[in-house]
Structure formats: C-alpha cells, structure tokens
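What follows is calculated from the coordinates using simple rules that are stated; it is not laboratory data. Please read all numbers here as calculations on a predicted model, not as lab measurements. Because the Cβ atoms are built from the backbone with ideal geometry, glycine has one as well, and the counts that use them run over all protein chains shown.
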Amino acid sequence: MSKKKLVVLSGAGMSAESGISTFRDSGGLWEKYKIEEVATPEAFAANPELVLEFYNQRRAQLAEVEPNLGHKILAELQSEYDVQIITQNVDNLHERAGSKNILHLHGELTKVHSTKYPDLIYDVGTKAVKLGDNCAKGAQLRPHIVWFGEAVPAIDESVPIVNAADVFVVIGTSLNVYPAAGLVMYARNDVPKYIIDPNDVEIPYGLNFNVIKKLAGEGMEELKKRLLDK
Ligand code: OAD
C-alpha cells in the first residue's frame, strides 16, 4: 500500500530552537533590519554591499547551527508517510535532518544566482559573497533569495502538492506573507489539518485547524503521537 501524503508548510519558527531568529517575533530580524534596506531588489540596487553582507551573516550563522528536534521528527516520519515539505525558510536544516522532499518557496541561503542570467545558479555553501564575485558570463552574483516584490516561482508547483495532502501541517509561520500563506486554502476540506505554533496564529479563510500550541520540537512530538497512535 502506498504511504499517505503528509504535507508540511514550515516557517521561521521551525528553526527558532536551532538558534535562528524568526522575523516578526519580538527580537526578530525585522526589528533589527528594515526589509526595504536588505530584502528587496531596490535595496540591492541601492546598496549591494549592505545586502550581500546581510546574507553573508545569515550564511555564517547557518554554519554554526544544527537541526533541532522538530526537524528530526519530521525526517523520521518519512518511514510512515510520504512527506513533502514546503518551506519558507532559506536555511538547509530540513535537508540536514534527513528530509528528502523539500521545496524552498523563498530561495536558499547556500545558493547564489547571476543578476543578469538568473538560470545560472551556484552553490556557495556558507561562504561569503562579495561585490565582484561574478557568474560564468561576468555578471555580479546575488543571494538566491526571493525578495519582497519578486515573484515566487515555486508557488505554482506547491498548489497541487497541498491539494493532494492526506494530512496537512503548518508549523512556525505567522502566515503573514503571501502567496505562501494562501497555500493553506488548497488543502482539501476533509483532511486533518494541524497548526503547530506557541503563539496564536490567525488562520486565513476561517479554516478549521487542530491547534497544537507548542514550540516546534515538542509540537512535532505531539503531532507524531497523534498521527501514529491512530
Ligand atoms: P515569522 O517571523 O513571521 O513567524 C514566525 C512564527 O513562528 C510565529 O508565528 C511565531 O509564533 C512562531 N514561533 C516562534 N518560535 C517558535 C518555535 N520555537 N517553534 C514554533 N514556532 C515558533 O516567520 P515566517 O512566517 O516564516 O521571507 O515569515 C515568512 C517570510 O517572511 C519569511 O520567509 C521571510 C520573511 O520576511 C523573506 O525573507 C522573503
């Protein structure tokens, strides 16, 4: 018998217990930096060094952190479920925990692409990228991140994945950023839906979610129990 599909939409809270700041909690990244200074195409045009440095710091931090219990339980669930992760996170902690099917909606910190030829994508790992680091055709490289105001190419692919879910889980996202947040409306009515977050999250479209009001690690433990004890 083929495994049931467990589809997960993850956000910054998934990686919080690994030591990566979220964006909108108190002390979050958007309290320390202005979105319009570091996370838009206009910011990169106006001050590329500052933007490169912002992502260099994020990359350097990634070298210092490890997947947490939440990432690990999700990877373990692959033995029971066909798990597909759709993440807004640009870190690689789902991969490092052993999850296999991961779609990055907002890009990946460990990659860069050419400012002139966006299909030229390179792995940089956790290395710093400077002004003057160019693609094979001589154009400046930029972070492989979907900035505010840019299209989210992976969204089209995500819609049928959410629609095919037998179980749908939202974890560690404030559901503030579209189109990612809009994915929740594509889960079918009759499938169990869970939201794991220590804080109250306003669920769009008045959808019916089972709320597990816990941090990612203990919330995933609880989810695993509920899924496997059945
Ligand atoms: P947010 O910072 O908006 O939301 C983080 C969510 O995680 C909140 O609902 C918190 O309550 C929750 N949270 C905090 N600690 C947690 C923990 N230990 N376990 C579980 N949940 C916890 O982050 P996102 O929703 O991911 O985009 O933000 C979406 C996008 O906005 C990001 O991908 C990023 C950002 O601007 C870009 O940079 C393009």
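When the chymotrypsin sites (Phe, Trp or Tyr not before Pro) in the stretch 185-230 are filtered for DSSP coil states and for at most 15 other beta-carbon atoms within 10 Å of their beta-carbon, no site remains. The label-point distance for Asn199 and Ala128, in a model that sets each label 7 Å from Cα toward Cβ, rounds to 3.2 nm. Summing +1 for each Lys or Arg and -1 for each Asp or Glu among the other residues whose beta-carbon sits under 13 angstrom from that of Lys72 gives -4.
With angles folded into 0 to 90 degrees, how steeply does helix 216-228 sit against the dominant principal axis of the chain? Use alpha carbons for both and round to 10. Long axis of 216-228 versus the principal axis of the chain: about 40 degrees.
Label positions at Ser21 and Val211, each projected 7 Å from the Cα along the C-beta direction, are separated by 2.7 nm. Taking Cβ atoms as reference points and 11 Å as the exclusive limit, the residues near Tyr81 contribute a net charge of 0, counting Lys and Arg as +1 and Asp and Glu as -1. Only beta bridges with both residues in the chain are counted; by DSSP, about 30 percent of them are antiparallel. Estimated at 0.36 nm per residue, the fully extended path between Asn47 and Asp166 surpasses their Cα-Cα distance by 38.3 nm.
Using 0.36 nm per residue and subtracting the Cα-Cα separation, the extra length available between Lys137 and Ile35 on full extension is 33.7 nm.
Summing charges over all other residues whose Cβ lies under 15 Å from the Cβ of Ala12, with Lys and Arg as +1 and Asp and Glu as -1, gives -3.
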